[in-house]
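Let me begin by handing over the structure; questions about it come next.
The values are calculated or read from the model by the stated rules, or taken from the named source; none is laboratory data. Quick caveat: nothing in here was measured; it's all calculated off a predicted structure. Cβ atoms come from the backbone with ideal geometry, glycine included; neighbour counts cover every protein chain shown. Accessible surface is based on the protein model in full, side chains and every heavy atom, while ligands, DNA and RNA are left aside. Shrake-Rupley method; radii C 1.70, N 1.55, O 1.52, S 1.80 Å.
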Amino acid sequence: MVLIPVAIVSGMGLIFGLILSYVSTKFEVKVDDRIEKVREALPGANCGACGFTGCDNYAEAIVNGSEINLCPVGGPDLVTRLSDIMGVEAKTGEKMVARVMCNGSWDKVTIKFDYDGIIDCRSASTMAGGPSSCVYGCVGMGSCKKVCAFDAIIVEDGLARIDEKKCSGCGKCVAECPKMIIKMIPSKSEYSVACSNQEKGAVSRKNCKVACIACKKCVKECPKEAISIIDMHAVIDTSKCDNCGACIKVCPTSAIMKYTGHI
Amino acid sequence: MKEIILIAIAAVFVENFVLSKFLGICPFLGVSKKTSTAVGMGGAIVFVITISSVVTWSVNEYLLKPYELIYLQTIVFILVIAALVQLVETVLKKFMPALYRALGIYLPLITTNCAVLGSALLIAEREYTLLNAVVFGFSSAVGFTLALLLFSGVRERIETNDVPMAFRGLPITLIAAALVSVAFIGFQGLFGI
């Protein structure tokens, strides 16, 4: 009589299965199906730039009434799609990209010493400000590259550069850089002073071939008065700049760069 | 009546599942970080063990014994417990979502918790009556909760203390667990049980 145990065990399994399926339909937890839709629309990078711990949590927050334009990764497209799903209006934020305010690769600066430690900008910069002669410039160990979830940063010859087509504007690299030379810039603004040094012109000129020496030529040249000298280097006010390119022609050290997006 | 009281006291203190029989150590170490989750886990365990002792006792008495299928005890009990845990999970998700999230992975883990299966098997082995079985199941779960609660208190205090580097984390937790367990040896031989 081998059938009796088989019948008992399978019968019990059947009964439990029926009870469970009844209970699960009876006590079903209704999840707002918009959460699922919003979650699908979000990029899924889980970068945390919106201020929530991940795309899942932000999707939940959106459905519970949070702003829909907090995700810098998705950009204006995402906001339009989210406003379709949620039926609310939101002004699309300006697309921001990260830009490294330094152009001092190894051929332009002097190398003070051979750094042989951990490959990390923070670690390298604790040693006499890093191997580069300019202590304000890029350390070139690629800490920003490591935190970039979008593979938008390349580090070549001791200089990090950002592919602005790939950059989503999450700002992780800005927070990571120990020299604080990565800045968030509206992507429409094409010209930037690729230098952050705070030394006097003579010193910075000696440290780096493409340093801003605060000669003020661009300040005088700019028709929109968008350029000013802050901390011994020129800074372009992106809200005033109209991308005319007058400044780049007069810069004696080629410290002003035109950024066209792709590296 | 005296028998029931003795069973209850024995199950809570003398034969404490965690600290004397060393059953259900996984949630004991896993959920005891915070008192609030320990209470939640304890509640879930009490519920599951009490119901499972009724169901497994009936299954054992009316199905397994008459057909001489005692050898199927383990697999049948696991089936019952798994279904019960699933039921508890569905109900918790509906009515206490906060507790559901707090318990997290440990709720499904009750399925394979040896304390639950252990209590079912012990009840069958000792041939308790239904009332005794329920009392035993309930009080051993209460004993489990007590151990979990006491230990979470200990762990919360350890958290704020300056533990030597090498002992931080799991090592000091295991040492503390051993000491709490030693304390429960003091109940050994209580009332001649």
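Per residue of B:86-95, count partner chain C-beta atoms within 10 Å of its C-beta, then hand back the mean as an integer.
Per residue, the number of nearby Cβ atoms from other chains is 4 on average.
Mind checking how much accessible area B and A bury in total, 1.4 Å probe, in Å² rounded to 100? Don't skip to the answer; put the middle values down first.
Details: alone 10240 and 15070 Å², together 23960 Å².
The buried area between B and A, both sides summed, comes to about 1400 Å².
Using Cα atoms only, what is the angle between the long axis of helix B:73-95 and the major principal axis of chain B, expressed in degrees (0 to 90) to the nearest 10?
That helix lies at roughly 60 degrees to the long axis.
Kindly state, to the nearest 0.05, the FRET efficiency for residue B:5 paired with residue B:166, given R0 = 41 Å and r defined as their beta-carbon distance.
Numbers: r = 46 Å, r/R0 = 1.12.
Computed FRET efficiency for residue B:5 and residue B:166: 0.35.
What list of ³J(HN,Hα) values in whole Hz, one per residue of the range A:237-247 in order, does the Karplus curve 6.51 cos²θ - 1.76 cosθ + 1.60 (θ = phi - 60°) give from phi, with Gly and Pro shown as x?
7, 5, 6, 9, 5, 10, 6, 7, x, 5, 5
Okay, next question. Where in chain A are the DSSP H helices whose C-alpha atoms run 20 Å or more along the long axis and whose mean Kyte hydropathy is at least 1.0?
Working: long enough: A:3-26 (34 Å, 1.72).
Helices passing the filter in chain A: A:3-26.
For residue B:112 and residue A:45, FRET efficiency with R0 = 41 Å and r from the beta-carbon atoms, rounded to 0.05?
Details: r = 36 Å, r/R0 = 0.87.
Once rounded, the FRET efficiency stands at 0.70.
Using alpha carbons only, how many degrees (0 to 90, rounded to 10) separate the axis of helix B:35-58 from the longest principal axis of chain B?
For helix B:35-58, the angle is close to 10 degrees.
Would you list which aspartates and glutamates come within 18 Å of residue B:2, measuring only between C-alpha atoms, while excluding same-chain residues fewer than 8 positions from it?
B:15, B:127
Quantify, in whole percent, the carbon and sulfur part of the accessible surface of the range A:144-231 (1.4 Å probe; protein heavy atoms only). Write out the running numbers ahead of the final one.
On the way: 2320 of 4570 Å².
The value for the range A:144-231 is 51 percent carbon and sulfur by accessible area.
What does the accessible area per residue of the protein assembly as shown come to in Å², with a 1.4 Å probe and no ligands, DNA or RNA counted? Numbers along the way, then the final one.
Details: 23960 Å² over 456 residues.
Here the per-residue accessible area is 53 Å².
Nearest 10 degrees is fine. How inclined is helix B:114-126 to the longest principal axis of chain B, computing both from alpha carbons?
Its long axis makes an angle of about 40 degrees.
Given a Förster distance of 22 Å, report the FRET efficiency between residue A:56 and residue A:163 from their Cβ-Cβ distance, rounded to the nearest 0.05. Can you show the working numbers first?
Working: r = 28 Å, r/R0 = 1.27.
The value I calculate is 0.20.
Now for a separate question. Of A:146/A:240; A:30/B:21; A:95/A:179; A:95/A:224; A:188/A:209, which ones are farther than 30 Å apart at the Cα? Please report the intermediate quantities before stating the final value.
Working: A:146/A:240 33 Å; A:30/B:21 42 Å; A:95/A:179 24 Å; A:95/A:224 22 Å; A:188/A:209 28 Å.
With Cα atoms farther than 30 Å apart: A:146/A:240; A:30/B:21.
Between beta-carbons, use under 15 Å as the cut-off and find the net charge around residue B:187, counting Lys and Arg +1, Asp and Glu -1.
On the way: positive: B:21; negative: B:15.
Neighbourhood net charge equals 0.
Quick query: amide H of residue A:192 versus all other amide H atoms, modeled in the peptide plane; which residues come in under 5 Å with a sequence gap of 5 or more or a different chain?
Close amide H contacts, sequence-distant or interchain: A:257, A:259.
For residue B:174 and residue B:158 in one chain, what is 0.36 nm times their gap in residues minus the Cα-Cα distance, to one decimal in nm? The partial results should precede the final answer.
Numbers: separation 16, 0.36 × 16 = 5.76 nm, distance 1.19 nm.
Stretched fully, the residue B:174-residue B:158 segment lengthens by 4.6 nm.
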